[in-house]
Structures are given as structure tokens and as C-alpha cells.
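The values are calculated or read from the model by the stated rules, or taken from the named source; none is laboratory data. Nothing here was measured: the structure is a model prediction, and the numbers come from that model. Please note: Cβ atoms are built from the backbone with ideal geometry, for glycine as well, and neighbour counts cover all protein chains shown.
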């Protein structure tokens, strides 16, 4: 991978942001996807074992972090046999910018019986879709996309696309399948909440539900909900890999103007 990573590590183990991770709301603040991705990746690195699935990751984002060094502080809330709960905090320049709670569930067998599930996703595979231009998404090439239907902010038709990462989250550390989808999950907010006048909402949280890890680099998003009143929006996407459904991503968001 030749693209600049989002973070580098220093000798103290702190995460040093690069300008590749600058978000849409300020020229000197990080994109929310990096808060979510780094918290999820650190929880997985420190606490996940093969017997447990990080089935829910909820991240509250309450401050736009600048490019100051970042530390991730973790705490075990519950260390049970079937359920583990871990908190993590994103500290930027000595100030808290976000916090996560992750619930890890012990793997077992599905109970007998048939349970209703949605119809299979009828999206074409990423390899069968001609990439737009060079295939790079918005935000200066933070990701690459393969659009399926409905453009960003386009009304009147389902919004669906495939997304893949093009940069390392942390230099020299390959994405795990879980860290990949955790980083991508923030896209649920702009994809669900953008309108024909652009994106006017900044998400204050993100919850990612997963029943399994993705099996490929491509993560699919299918917008299934948007609603807004008094400047407060909710959005939700079903999340897929090339094999089928893996979970969902939902968010709340506030009306927000971009800084000049």
C-alpha cells in the first residue's frame, strides 16, 4: 500500500494523525471514521479472542479532534463467559474526543428452526461494476467505491454502493476484517443523511452491529432509513460483504454548517 496512512505511531505508542485523515467539517480536524476505526481496532487488538465476536460497537463523538497525538485508553466493564463489555476512550491532545463501548459475544451454534431474514441482496459484485473515473471516493481519496444505485445525496431511488479502504489505518499494520468494517461504518451517516443540497448533518454517534466478520475487502452499504426533525437526524444502513449480509450501521446526527 503506497497511500499515506491515517496514523503513524511514535516511540511512546501514541497515534500521530496525518493530513490524509482530515474530515469535511474543518481543515484541521480528523474524520469521524478514524475515531471509530481506531477505537474498534484497539478494542479488538487488546481483547478479542477467536471464541468471541465483537457484535456491537457504539461510539459517541462529542468533539472534533485536531491533528494532535492520540492515545486510546481502555477499560474492561464486564469479563463474563458469554458476554464481555469493553470501554475505550479517544484522547486527542489530552482531551477526550470520543468514547466507545463494545460488546463481545461468545460464539456458539444457532438454535434449530427457520427464522425470517430479508431477501438476498441483489447487488452486482464489485468486480462487475465499472469504477467511476479512477474509482476513488470523495474526501481526497480516503476510500474507493463501486456505486450500485442512487448517487450520494440523490433522492428518489435506493442508495447502494461498495466501499474498500485504500490506506492503512495505522502505518505498518494491516487491516483486520473487523477493523476494516469498523472504519468504513461511519459512511452510514453521510450516505443516509445527505440530500440534494449536500451533506448538512454531522453524526454524533455510530453503532455497528455484526453477526460475522466480512470475508473480503469490499463492504456494501444499503440505506434503509433516514428521518429528521428540528435539526436532528437518524440514519441506518444494512451492511454486506461479497458473501451476503453481515449486520447494520446506524447513527444520530446534528445539523451542521461547514467552516470556510
Check the stretch 132-147 and report whether any residue there is touching a residue at least 40 places away in the same chain (Cβ under 8 Å), in contact with a strand residue (DSSP E or B) (Cβ under 6 Å, 6 or more places away or on another chain) and either surrounded by fewer than 19 Cβ atoms within 10 Å (Cβ to Cβ) or under 30 Å from residue 13 (Cβ atoms) (or both).
yes
Note: among 221, 187, 191, just one is surrounded by 15 or more Cβ atoms within 10 Å (Cβ to Cβ), under 27 Å from residue 3 (Cβ atoms) and without any contact (Cβ under 8 Å) to a residue 60 or more places away in the chain, namely 191
Scope the stretch 40-54; condition under 16 Å from residue 184 (Cα atoms) and either in contact with a helix residue (DSSP H, G or I) (Cβ under 7 Å, 6 or more places away or on another chain) or in a loop (DSSP other than H, G, I, E, B) (or both); matching residues
40, 41, 44, 54
Condition test on residue 158, is it surrounded by fewer than 14 Cβ atoms within 10 Å (Cβ to Cβ) and in contact (Cβ under 8 Å) with a residue 60 or more places away in the chain?
yes
Please enumerate the residues belonging to the stretch 26-39 that are part of a loop (DSSP other than H, G, I, E, B) and under 14 Å from the mean Cα position of the chain (by Cα).
31
Taking the residues in the stretch 161-172 that are touching a residue at least 60 places away in the same chain (Cβ under 8 Å) and in contact with a helix residue (DSSP H, G or I) (Cβ under 9 Å, 6 or more places away or on another chain) as candidates, determine which candidate is farthest from residue 221 (Cα to Cα).
170
Search result, residues across the stretch 33-58 that are more than 19 Å from residue 80 (Cα to Cα) and either surrounded by fewer than 16 Cβ atoms within 10 Å (Cβ to Cβ) or modelled with pLDDT under 95 (or both)
none
Being farther than 19 Å from residue 32 by Cα, surrounded by fewer than 19 Cβ atoms within 10 Å (Cβ to Cβ) and in contact with a helix residue (DSSP H, G or I) (Cβ under 6 Å, 6 or more places away or on another chain) narrows it down to one of 196, 213, 230, so name that one.
213
Within the stretch 251-260, of all residues that are out of contact with any helix residue (DSSP H, G or I) (no Cβ under 7 Å at 6 or more places or on another chain) and surrounded by 12 or more Cβ atoms within 10 Å (Cβ to Cβ), the one modelled with the lowest pLDDT is 256
Residue pairs meeting the criteria (Cβ under 9 Å; at least 6 apart or on separate chains; first within 11 Å of residue 210 (Cβ to Cβ), in the stretch 235-260; second at pLDDT below 95 and not in a strand (DSSP E or B)):
241/216; 245/117; 245/118; 245/120; 245/121
List the residue pairs whose Cβ atoms are under 6 Å apart, where the first residue sits in the stretch 195-207 and is farther than 16 Å from residue 23 by Cβ, the second is modelled with pLDDT under 90 and loosely packed, with under 14 Cβ neighbours inside 10 Å, and the two are 6 or more positions apart or on different chains.
196/155
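The rows are residues; the columns are (1) in contact with a strand residue (DSSP E or B) (Cβ under 7 Å, 6 or more places away or on another chain); (2) more than 22 Å from residue 6 (Cβ to Cβ).
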position	(1), (2)
51	yes, yes
60	yes, no
70	yes, no
73	yes, no
81	yes, yes
90	yes, no
98	yes, no
116	no, yes
